[in-house]
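The values are calculated or read from the model by the stated rules, or taken from the named source; none is laboratory data. Note that the structure is predicted; figures quoted are calculated from it, not measured. We place every Cβ from the backbone using ideal geometry, glycine too, and count neighbours over all the protein chains shown. Remember, those area values only see protein heavy atoms, side chains included, never the ligands or the DNA or RNA. Shrake-Rupley method; radii C 1.70, N 1.55, O 1.52, S 1.80 Å.
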Number of protein chains: 4
Amino acid sequence: MKRIGIMTSGGDAPGMNVAIRAVARKALSAGLEAYGINYGFAGLVAGDIHEFKATDLDDMVSQGGTMLYSARYPEFAQEESQLKGIEQLKKFGIDALVVIGGDGSYHGALRLTEHGYNAIGLPGTIDNDIPFTDFTIGFDTALNTAVDAIDKIRDTAKSHQRVFAVQVMGRKAADIALWAGVASGADAIIAPGFDYDVEAIANKLKKNRANGKDYGIIVIAEGDANSDAAPEFVEKLKQYGDFDARATVIGHVQRGGVPSAKDRVLASKMGAYAVELLLEGKGGLAIGILDNKVQAHNMLDLFDAKHQADDSLFQLNEDLSF
Amino acid sequence: MKRIGIMTSGGDAPGMNVAIRAVARKALSAGLEAYGINYGFAGLVAGDIHEFKATDLDDMVSQGGTMLYSARYPEFAQEESQLKGIEQLKKFGIDALVVIGGDGSYHGALRLTEHGYNAIGLPGTIDNDIPFTDFTIGFDTALNTAVDAIDKIRDTAKSHQRVFAVQVMGRKAADIALWAGVASGADAIIAPGFDYDVEAIANKLKKNRANGKDYGIIVIAEGDANSDAAPEFVEKLKQYGDFDARATVIGHVQRGGVPSAKDRVLASKMGAYAVELLLEGKGGLAIGILDNKVQAHNMLDLFDAKHQADDSLFQLNEDLSF
Amino acid sequence: MKRIGIMTSGGDAPGMNVAIRAVARKALSAGLEAYGINYGFAGLVAGDIHEFKATDLDDMVSQGGTMLYSARYPEFAQEESQLKGIEQLKKFGIDALVVIGGDGSYHGALRLTEHGYNAIGLPGTIDNDIPFTDFTIGFDTALNTAVDAIDKIRDTAKSHQRVFAVQVMGRKAADIALWAGVASGADAIIAPGFDYDVEAIANKLKKNRANGKDYGIIVIAEGDANSDAAPEFVEKLKQYGDFDARATVIGHVQRGGVPSAKDRVLASKMGAYAVELLLEGKGGLAIGILDNKVQAHNMLDLFDAKHQADDSLFQLNEDLSF
Amino acid sequence: MKRIGIMTSGGDAPGMNVAIRAVARKALSAGLEAYGINYGFAGLVAGDIHEFKATDLDDMVSQGGTMLYSARYPEFAQEESQLKGIEQLKKFGIDALVVIGGDGSYHGALRLTEHGYNAIGLPGTIDNDIPFTDFTIGFDTALNTAVDAIDKIRDTAKSHQRVFAVQVMGRKAADIALWAGVASGADAIIAPGFDYDVEAIANKLKKNRANGKDYGIIVIAEGDANSDAAPEFVEKLKQYGDFDARATVIGHVQRGGVPSAKDRVLASKMGAYAVELLLEGKGGLAIGILDNKVQAHNMLDLFDAKHQADDSLFQLNEDLSF
């Protein structure tokens, strides 16, 4: 193996640049060459590929987004596209790849491995929705962004005796909502996998009011990418009492920003480990952190598995918030 | 004069607590007593009033929201309510007041002055929409929050070659949009008082793309408190080209948070000046900062005046953004 | 068991207030009463103790420092003091305690347990220097503060082609230095337990300069609480080359500030778990998070153990930084 | 005039990159060309000069430091160096310049103007120590950084009943200390131009303690670049009472970081105005903001003038802090 290619795929996440830097620098440290592939699998097929020099990556520890850009490219599911991609790998002399992105992008990585080009996947997404990893690259930063936003919203909620329904990201996963809910002392968390009852929430808010806490924060997972969860909840809540309730959707700010320290270290560890695995001749693996240890799992197993959020947070929040 | 009452009214803004502290501490320094009135004019009428001790206010330099709470109370336009309020002032021995809030709350302050209770208004609102002041308390903090959000969104815009229409607050005023637009290098600013043409914006974005800048940020003022300005703009924009365009509404986070240093100093200066004016036996005045000097204007003149945003920022942004 | 007492001891750390809230709220949820003990063991002996109501703790998720204050009190090593403390526990009807602090404070907790008052320890310190836990409450926040500071310093380092020796906290532990070093892409990390050679660092900086990177960041652990490590390093470095080198000591800002989301969730989990253990009649235990699971260990075992930093970060940084 | 050169000189300041962008983009908008000169006057003499393309500057609104680097170059006081610089201007066809930096760098700008190359100065420094401007580019950001640090330190001060002497930057100017002192509610401000008495400060802290405020924050200007002001103050303070007093020096973090919104708008206005002046054939002028209006003054007058801090802040703080 002489040359490692690196790409990002799927939604961007803070820390992707740190992972790119880690893969490229670790490769250079090991005497390899590192190549960046722009725009994910689309750029691979198009040959939008360039060599990394050591100093290209100096600032990447603190930059949000992805310097390699990202793009959707469902066409890569077809063998024709895959073969074109492999053409390019041959042309640029790239022997192996690291793909940073959601588990959707792992399918492409596995195809390349099957074609003889070892590829390793790194979990880069704010949603934390990938199996076999407790944390994805970007989750910690997005969580801090969400919690910081809720802190600000709480100022207004208290000043005006309001109830805010705050919608956080996470696609179909409950993770951001659960963690942000506990971290911000939400009066209720509404998230996929957990039943809720608007009337019961209304009653809790009324009870709080009777006890002297006359405002509320409800953290709501978006459920899916297009949901209007928070505004809808507010409409329902108002049917159960005289609440000055407002919806706010934190939105895309959760995808960007300077990566947190934890995300930087996680991305650095994972990126370096990916190169180690490639050096051992391995491919088709997805890296995760489980039990606080960076480790790899077979992508095929991962496709059969389901991400499991830390469900204990739901009850924890019930116990602590009133 | 022996006792000064302090209240916040209208929407909360970062720095209101700093202003409360400044009024109360300046009053105490001058040998007066300071009383907090909760929930604005509603609390005045209800007699929800308490004395401030010096150490009550230690932490207020860094707290968002308003420790005196705020509430709408249109009833105070009626003389009956005003007389009830004056009852309470008599009961608590309060001789004069400082009202921190939007210009709506100045009407109540003027009524009290007419009844013989000098009242001074402080401009506390993130919207910067009050005449006779270049800056309101809270504007700088809200602006920084908006710009920080746009910085994060830019990460995603660049990574995905997207156009983001970012809606900022400001009610009917253009200020947050103009300042945030310049500060974040927006490709276009859409704000009250400035014509725009969706096709022209689309063309500019296409031209940028041709020049190698394949993403865009459009900053849009909410126009009024309930507008859906950004999502509507995105729909229109898509009619003029193949843009991966998204709307995001920054929302209520702009109202809360730790006040910026500038807002803290402004609130401190204004609060202390209000007490000085009351000590001189003056009332019915609104404090502002004009030409970098804290000064007072007659409230009656203010009601006839119109806030003027810094219009030069629009052309400045046109010159700098491409 | 009817009443749980809570105290903080040793240096303050962001997240202590979240832990206090978690213990108190979990106790209330379980039908118990919760009492706050001010100023650590000193306040216990002095009887500076008050009951927590549910709403006392609303804001504590986002407040740095400790609302229960902290104080050194070596006198508690003597049985006389311990007996006075137990007097107070009897007087206030407190049956069990949670002590949040460094492992020094666990000794007092163990003494109380031996006297028949079950006490559980929570690791609250930014230094991450407690055995049997991968992370302490406060470490993540302090780390983010340090990394944010280094990001700012890097701006100046690059602008002026300078080398900055940045001293971070951590007392005798290497953790903040190792994590912050990796997270900020430091050119070298100097930390307890790792040999270093000033000349080798100078040579690396010179090599970087030859490759086009003409600035440097060296992250240095304070080593102990009073060290002048960074200024001394700068003096030595200048003997090996013509460096425009400066020392900066990040200092006490690392101890304060709004707790990070991770610290909030960690503190919430640990606080709730402490109450569960007390409800099971257990005492003399120290809570930690190991392998991403909150768990408890015998304090006696802990005193014999030694905290182990994540040593792999040192080599990781060597591989990634050039 | 066809080509404008841009350089930064002296200490870096947040917002310099925004100013560079503004000058270059405004020049391009006016049909001119824009050239960046690296490393200040040293780079001018060495011919380290490159053309700016429009898209080079996209990200510069949010980047701290200076992309054009900075360097000390006292040699430019000699005519020989100046002539070499003019050589380079001829070689690159540069007709006029904008120099962003402290007033030291204005001398070089004036020399170039005298040689027939109009140069305009922009006040880029965190210290706010330039005559004829109420605010310099970078001051607002540095101030926010200092205030944020003091907020964090206050958490520890309160938790441990400590007095912190916090040293801020500003060289010989009092501005950062005065503004940060008011903004953080310091118990005392020690700054050039204001007498102070350690015993009186000690007495105030004792009085506070008697009133229930048992911690303190003293904000101290560095006085000059190498002072040990805070540690020395702590030693003196301890002679007047039993204080748990600590010194902390905020240090170089104040020079870097993402520019604040206000600094971005100020830099944008000033940069654009500089180009307007050059287009009018003017040179030897320094731009400032006075009475909230961007305006220009003759550099010769500026050299005779003295920056005046907003002295009223000192008394304001005395009135509000106790």
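For the stretch C:295-310, a residue qualifies if it is within 14 Å of chain A (Cβ to nearest Cβ) and open to solvent by 70 Å² or more (accessible area, probe 1.4 Å), and exactly one does: C:Gln308. Inside the stretch C:114-136, residues that are open to solvent by less than 10 Å² (accessible area, probe 1.4 Å) and of a type in the set (D, E, K, R) make up a count of 1.
Whether a residue is more than 11 Å from every other protein chain (Cβ to nearest Cβ), touching a residue at least 60 places away in the same chain (Cβ under 8 Å) and of a type in the set (Phe, Trp, Tyr) was assessed, and B:Phe194 passes this test. Going through (1) modelled with pLDDT of 95 or more; (2) touching a helix residue (DSSP H, G or I) at 6+ places or on another chain (Cβ under 7 Å); (3) open to solvent by less than 60 Å² (accessible area, probe 1.4 Å) one by one, A:Lys236 falls short only on (3). Close contacts from the stretch C:139-152, counting a first residue that is without any contact (Cβ under 8 Å) to a residue 24 or more places away in the chain and a second that is assigned to a helix (DSSP H, G or I), with Cβ to Cβ under 6 Å and a gap of 6+ residues or different chains, come to C:Lys152/D:Val253. Quick check on A:Gln88: is it of a type outside the set (A, V, I, L, M, F, W, C) and more than 26 Å from the chain's Cα centre (by Cα)? Yes. Only residues that are open to solvent by 10 Å² or more (accessible area, probe 1.4 Å) and out of contact with any Gly (no Cβ under 9 Å at 6 or more places or on another chain) were counted across the stretch B:248-261, and they come to 2.
The residue of the stretch B:68-104 that is most open to solvent (accessible area, probe 1.4 Å), among those that are within 18 Å of B:Met270 (Cα to Cα) and within 14 Å of chain A (Cβ to nearest Cβ), is B:Gly102. For the stretch A:43-63, the criterion of being farther than 30 Å from C:Asp151 by Cα and open to solvent by 40 Å² or more (accessible area, probe 1.4 Å) is met by at least one residue.
Matching residues to (1) within 14 Å of chain C (Cβ to nearest Cβ); (2) in contact (Cβ under 8 Å) with a residue 60 or more places away in the chain; (3) surrounded by 16 or more Cβ atoms within 10 Å (Cβ to Cβ):
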{"site": "D:Ile217", "(1), (2), (3)": "yes, yes, yes"}
{"site": "D:Arg264", "(1), (2), (3)": "no, yes, yes"}
{"site": "D:Lys293", "(1), (2), (3)": "no, no, no"}
{"site": "D:Phe322", "(1), (2), (3)": "no, yes, yes"}
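Only one of the listed residues (A:Ala186, A:Ala274) is over 22 Å from B:Gln254 (Cα atoms) and surrounded by 24 or more Cβ atoms within 10 Å (Cβ to Cβ). That residue is A:Ala274. Given the criteria within 30 Å of D:Asp310 (Cβ to Cβ), out of contact with any Ser or Thr (no Cβ under 9 Å at 6 or more places or on another chain), free of Cβ contacts under 8 Å to residues at least 12 places away in the same chain and charged (D, E, K, R), does B:Glu235 qualify? In short, no.
Table: residues versus (1) closer than 24 Å to C:Phe139 by Cα; (2) acidic (Asp, Glu).
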position: C:Ile20; (1), (2): yes, no
position: C:Arg25; (1), (2): yes, no
position: C:Tyr35; (1), (2): no, no
position: C:Gly40; (1), (2): yes, no
position: C:Asp58; (1), (2): yes, yes
position: C:Ile86; (1), (2): no, no
position: C:Ile100; (1), (2): yes, no
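Restricting attention to the stretch D:247-262, the residues that are within 11 Å of D:Ala165 (Cα to Cα) and within 7 Å of chain C (Cβ to nearest Cβ) add up to 2.
Looking at A:Leu277, is it over 19 Å from the mean Cα position of the chain (by Cα) and not assigned by the TED database to the domain that holds A:Arg111? No: the conditions fail for A:Leu277. Taking each residue of the stretch C:40-63 that is more than 13 Å from every other protein chain (Cβ to nearest Cβ) and looking for partners that are open to solvent by 50 Å² or more (accessible area, probe 1.4 Å) and aromatic (Phe, Trp, Tyr) with beta-carbon atoms closer than 7 Å, six or more apart or interchain, yields C:Phe41/C:Tyr73. Filtered by the rule that a residue be at positive phi and within 25 Å of the chain's Cα centre (by Cα), the stretch A:40-85 gives A:Gly40, A:Gly65, A:Tyr69. Of all the numbered requirements in (1) farther than 16 Å from C:Asp319 by Cβ; (2) open to solvent by less than 10 Å² (accessible area, probe 1.4 Å); (3) in contact (Cβ under 8 Å) with a residue 40 or more places away in the chain; (4) within 13 Å of chain B (Cβ to nearest Cβ), A:Gly5 misses one, and that requirement is (4).
Yes or no, residue by residue, for (1) at positive phi; (2) within 14 Å of chain C (Cβ to nearest Cβ); (3) surrounded by 24 or more Cβ atoms within 10 Å (Cβ to Cβ):
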residue	(1), (2), (3)
D:Ala13	no, yes, yes
D:Val18	no, yes, yes
D:Arg25	no, no, yes
D:Tyr35	no, no, no
D:Asn38	no, yes, no
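Of all residues in the stretch C:277-291, those satisfying the criterion of being open to solvent by less than 20 Å² (accessible area, probe 1.4 Å) and of a type in the set (A, V, I, L, M) are C:Leu277, C:Leu278, C:Ala286, C:Ile287, C:Ile289. Taking the stretch A:192-207 as the range and being assigned to a loop (DSSP other than H, G, I, E, B) and among the acidic types (Asp, Glu) as the test, the residues that pass are A:Asp195, A:Asp197.
Between D:Thr141, D:Thr133, D:Thr125, the distinction of being out of contact with any helix residue (DSSP H, G or I) (no Cβ under 8 Å at 6 or more places or on another chain) and within 14 Å of another protein chain (Cβ to nearest Cβ) belongs to D:Thr133 only. D:Asn292 meets the conditions (1) within 16 Å of the chain's Cα centre (by Cα); (2) of a type in the set (S, T, N, Q); (3) at positive phi in every case but one. The failed one is (1).
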